[in-house]
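The values are calculated or read from the model by the stated rules, or taken from the named source; none is laboratory data. Keep in mind that what you see is a predicted model, and the values were worked out from it rather than measured. With ideal geometry, Cβ positions are generated from the backbone for all residues, glycine too; neighbour counts draw on all protein chains shown.
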Amino acid sequence: MKISAAIIAQNEERNISRVIESLRCCDEILVVDSGSSDRTTEIAGKLGARVVENPWRGYAGQKNFAAEQCENDWVLSLDADESLSEALEAEIWQIKKNGAQYDAYTMPRLAQYLGAWILHSGWYPDRKVRLFDRRKARWEGKYVHESVVVNGSIGHLDSNILHFTCSSLSEHLKTMDRYTTLAAEQIVDEKRQAGLAQLLLDPPWTFFQSYVLKRGFLDGAEGLAIAYMAAFYNFLKYAKARNMSPRR
């Protein structure tokens, strides 16, 4: 059984080495770059990855393109700011040795935020399908929160993908600006409500869910930051949706 790793990237020179170096269990590493202006493609090529240039198609579209370009039907899809833990790599080696028993596999994702590993706040275990037979699965999602839809059986691995998220609040705010625009576009496209009720009620409820119900207080100051930023995210997406919608 052979596995291709598929990574989408743009201006990821800070992260690309880490993810490629964690993929020793893969028979091929493919990086699909959407116009980097930094050293992403140069670093990836030096580390043995095959680099393909492709204009941005949206998250799901770009990841499906990457899977289609792979030499093998089994695809391990990672983002540039992720990597395999050593324990997860060992589990994948076992699948290669024994053969796949399922058409796709989920794995938990452990996030590092502001330098701390987050075990609560609704961020963990955050299971994702990332290893799959491309003949039985594909990415779906027009705007944000793309996911793999599997037409077949799904198994579950125990070890973590490591997700290296924002190292500073300013980085988080920059990322949030991009994602809330996409989320607002989705609200408008789906003709969902974006009224004063959503602006007033959704953010505090989101904070309460993250910090209290999902035990974000156990993540310390980072958990407080996550809850606040989640609330602000929802405020921004509804505010942007209202601004995009035609006034009556």
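The table for this structure:
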item	result
Meets criteria (in a helix (DSSP H, G or I) and either in the same structural domain as residue 86 (by TED's automatic domain parsing) or crowded, with 16+ Cβ neighbours inside 10 Å (or both)) for residue 184	yes
Those residues of the range 11-25 which are buried (at least 16 other Cβ atoms within 10 Å of the Cβ) and part of a loop (DSSP other than H, G, I, E, B), in sequence order	11, 12, 13, 15, 22, 23, 25
The range 55-92 - residue that is within 21 Å of residue 145 (Cα to Cα) and polar (S, T, N, Q) and, of those, nearest to the chain's Cα centre (by Cα)	77
Residue that is surrounded by the fewest Cβ atoms within 10 Å (Cβ to Cβ), among those in the range 208-237 that are polar (S, T, N, Q) and within 11 Å of residue 122 (Cα to Cα)	209
Residues within the range 64-107 that are closer than 29 Å to residue 166 by Cβ and either part of a strand (DSSP E or B) or touching a His at 6+ places or on another chain (Cβ under 9 Å) (or both), tallied	13
Single unsatisfied condition, residue 178 versus (1) at pLDDT below 95; (2) within 27 Å of residue 72 (Cβ to Cβ); (3) basic (Lys, Arg)	(2)
Residue list for the range 65-123, restricted to those being farther than 23 Å from residue 34 by Cβ and basic (Lys, Arg)	96, 97
Residues of the range 44-63 classified as outside any loop (DSSP other than H, G, I, E, B) and either buried (at least 20 other Cβ atoms within 10 Å of the Cβ) or not assigned by TED's automatic domain parsing to the domain that holds residue 15 (or both), total	4
Residue within the range 148-164 that is part of a helix (DSSP H, G or I), of a type in the set (Phe, Trp, Tyr) and closer than 28 Å to residue 57 by Cβ present	no
